[in-house]
Amino acid sequence: MKIEVADEAGLGERGADLVLESLGGRPDPVWGVATGGSPLGIYRALAQRTFRAWRGVRAFALDEYVGLAPDDPRSYRSTVERDVVRALGLDPALVHVPDGSAPDPVLAAKRYERDIEQGGGIDVQVLGIGRNGHIGFNEPGTALDEHTHLARLADETRIDNARYFARMSDVPVSALTQGPATIMRSRRIVLIALGRAKAPAIARALTGPVDPVSPASILQRHPDVTVLLDADAASALPE
Ligand code: GLP
């Protein structure tokens, strides 16, 4: 696991380097994209680069709320379309987001896992992290060998994400998410975290035991992870 500390702009540039390095040489590149505020600097930096092959990139989002229509502006489908698809010029037909409005979400999760496998697996997965150590919507207590599944959101996560909703009661209670095992199959992982609120989760994930109480800790077992941190997010790591 490589840990790099820089300011927000520098992290965005570094994340963009890693993404392009991973996708650039592949005949059928597959990108794993994350929502949340943390990766936005990477997407902004990518938008400044020249990469003519975006139209051929297949992408898979990490997760999606259950119960929001895909065209709901608060859905991750809408977020990915705005921040990634339109910003970089990806072909929308090649961009997949779990179907959170499917009548049978468990079946939708299985299909999503299969689609990732049939797409050849993910070359590079961008990840954020929750204050409680979640990756995607894999909350503390999630079995680390889970694949894409229907997940219940932790209260802490619903509170953190309430900023995107008018009322707390509007925040969905469940989501479809790639599981820890799905994420671990990506050939490369880039985790980005900004701000002091993330420092305890980062310290537990990187230096604590690999344990479902800290879902991100599973990344310690991946052979190619780069963790991009600002000084605040790195502040609880041992010297
Ligand atoms: C959400 C997403 C995660 C994301 C996390 C942190 O819960 N499901 O994928 O990593 O929020 O978001 P932010 O980067 O805005 O702090």
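The values are calculated or read from the model by the stated rules, or taken from the named source; none is laboratory data. Small disclaimer: the values here were computed from a predicted structure and weren't measured. Cβ coordinates were reconstructed from backbone atoms using ideal geometry, including for glycine residues, and neighbour counts include every protein chain displayed. These accessible areas exclude ligands, DNA and RNA; they are computed on the full protein's heavy atoms, side chains included. Shrake-Rupley method; radii C 1.70, N 1.55, O 1.52, S 1.80 Å.
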- Message: Suppose we keep only residues that are in contact with a Leu (Cβ under 7 Å, 6 or more places away or on another chain) and under 23 Å from residue 141 (Cα atoms) within the stretch 221-232. Which one would you say is surrounded by the fewest Cβ atoms within 10 Å (Cβ to Cβ)?
- Response: 225
- Note on the structure: Given (1) in a loop (DSSP other than H, G, I, E, B); (2) among the aliphatic types (A, V, I, L, M); (3) closer than 22 Å to residue 39 by Cβ, residue 143 misses just (3)
- State which residue is least open to solvent (accessible area, probe 1.4 Å) when the search covers only the stretch 156-184 and only residues that are more than 13 Å from the chain's Cα centre (by Cα), under 21 Å from residue 217 (Cβ atoms) and not small (Gly, Ala, Ser). 157
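Out of 201, 197, which single residue is at pLDDT 95 or above, within 13 Å of the ligand (Cβ to nearest atom) and buried (at least 18 other Cβ atoms within 10 Å of the Cβ)? Don't jump to the end; show me each part of the working.
Numbers: 197 fails: buried (at least 18 other Cβ atoms within 10 Å of the Cβ).
Result of the check over 201, 197: 201.
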- With respect to residue 21, is the statement that it is open to solvent by 20 Å² or more (accessible area, probe 1.4 Å), away from the ligand (no atom under 16 Å from the Cβ) and not in a helix (DSSP H, G or I) true? no
- Query: Pick from 26, 44: which is outside any strand (DSSP E or B), among the charged types (D, E, K, R) and under 22 Å from residue 115 (Cα atoms)?
  - Reply: 26
- Query: When the residues of the stretch 24-58 are filtered to those that are open to solvent by 10 Å² or more (accessible area, probe 1.4 Å) and aliphatic (A, V, I, L, M), which remaining residue is farthest from the ligand (Cβ to nearest atom)?
  - Reply: 53
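Filtering the stretch 125-155 down to residues that are small (Gly, Ala, Ser) and over 16 Å from the mean Cα position of the chain (by Cα), which residue is least open to solvent (accessible area, probe 1.4 Å)?
In the first step, residues of the stretch 125-155 are kept if they are small (Gly, Ala, Ser); the result is 128, 130, 133, 136, 141, 143, 151, 154.
Still in the list and also over 16 Å from the mean Cα position of the chain (by Cα): 141, 143, 154.
Numbers: 141: 61, 143: 45, 154: 27 Å².
Among residues in the stretch 125-155 that are small (Gly, Ala, Ser) and over 16 Å from the mean Cα position of the chain (by Cα), the one least open to solvent (accessible area, probe 1.4 Å) is 154.
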- Query: Inside the stretch 204-220, can you point out the residues that are farther than 26 Å from residue 23 by Cα, surrounded by fewer than 22 Cβ atoms within 10 Å (Cβ to Cβ) and either touching a residue at least 24 places away in the same chain (Cβ under 8 Å) or within 15 Å of the ligand (Cβ to nearest atom) (or both)?
  - Reply: 204, 207, 210, 212, 213
- Within the stretch 142-152, identify whether any single residue is modelled with pLDDT of 95 or more and near the ligand (Cβ under 9 Å from one of its atoms), and answer yes or no. no
- What residue, of 71, 63, is away from the ligand (no atom under 16 Å from the Cβ) and charged (D, E, K, R)? 71
- Note on the structure: Within the stretch 50-66, residues modelled with pLDDT under 95 and in a loop (DSSP other than H, G, I, E, B) come out as 50, 51
- Can you tell me which residue among 87, 69 is part of a loop (DSSP other than H, G, I, E, B), among the small types (Gly, Ala, Ser) and either surrounded by 16 or more Cβ atoms within 10 Å (Cβ to Cβ) or more than 17 Å from the chain's Cα centre (by Cα) (or both)? 69
